[in-house]
């Protein structure tokens, strides 16, 4: 599903340049559950942004489903992000004025799904993450763990093949964090491909493979 060949990402111009990623060679197969770990500043989020077609390499090649991402135009990139990739972030990124139901429903509205189908799909996803009874609650009325569950349900709205999660347990207590990782493990068993950035040490007990990044390089690819 994902292949990177000597991917490099450099920030800055002139004499002040920082190499966030240094010649990354990496493959992630369909229906893998991969944990991505490493200290702050190791390049994890930069790598995930490139995987999610939110950023582009400075050099090297990125292939998504065997296609060169560099050949995609803006419309193609937007289509991939909306249809094939689900994103989960540390800070949840929920709309504060919208209910849990409305937050999960939004991607389906953008896809043009009809109202009846949207409602059924939204309630199905909220039930899947254990929040069917909290559909009308706004983020301020939910716990951190519940907000992340809403974010996960939203990431599944258009049934993406790939789910990218950037520190999804970073703002949660240990128990809530482990519950979120258990949800990801269930999604993997249901056929999704997952890449999860996390400092949660229990990721190794949940994921198929753990990749460690140090100073922008893959120190261990978990193979």
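Here are the numbers:
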item	result
Efficiency of FRET between residue 73 and residue 117 - r from beta-carbon atoms, R0 22 angstrom, step 0.05	0.15
Debye equation applied to the C-alpha atoms of the range 75-130, log10 I(q)/I(0) at 0.12, 0.24 Å⁻¹	-0.31, -1.16
Semi-axis lengths, Å, the range 100-193, gyration tensor of Cα atoms, sqrt of 5 times eigenvalues	21, 16, 11
Average Cα contact separation per residue, the range 53-123, under 8 Å, 6 or more apart, as relative contact order %	21
The range 171-223: Rg to Rh, with Rh as the Kirkwood radius over Cα pairs	0.99
Under the Debye formula (equal points on every Cα, no solvent term), log10 I(q)/I(0) of the range 139-191 at q = 0.17, 0.18, 0.25 Å⁻¹	-0.52, -0.58, -1.05
R0 of 22 Å, Cβ-Cβ distance residue 49-residue 95: FRET efficiency to nearest 0.05	0.50
Solution diffusion estimate, µm²/s, Stokes-Einstein, the range 21-79, Kirkwood Rh from C-alpha pairs, 10 °C, viscosity 1.306 mPa s	124
Rg/Rh for the range 1-123, where both radii come from Cα atoms and Rh is the Kirkwood radius	1.03
Whole-angstrom gap from the range 116-162 to the range 76-113, using each part's C-alpha centre	11
Relative contact order computed over the chain (Cα-Cα under 8 Å; 6+ residues apart), in percent	30
For 119, 44, order by how many other beta-carbon atoms lie within 10 Å, fewest first	119, 44
Antiparallel bridge percentage (DSSP; both residues within the chain; nearest 5)	50
Fewest-first ranking of 58, 155, using other Cβ atoms within 10 Å as the exposure measure	58, 155
Degrees, to the nearest 10: 115-128 long Cα axis against longest axis of the chain	80
C-alpha long axis of helix 100-111 to longest principal axis of the chain, angle in °	60
For the chain, built as a Gaussian network whose Cα springs stay under 10 Å, the top-fluctuating residue of 60, 35, 133	133
Cα-only Debye scattering, the chain: base-10 log of I(q)/I(0) at q = 0.13, 0.14, 0.15, 0.18 Å⁻¹	-0.76, -0.87, -0.99, -1.33
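Values quoted throughout were computed directly from the atomic coordinates according to the rules given, and no laboratory measurement underlies them. All values derive from a computational prediction rather than experimental measurement. Neighbour counts run over all protein chains shown; Cβ positions are idealised from the backbone, glycine included.
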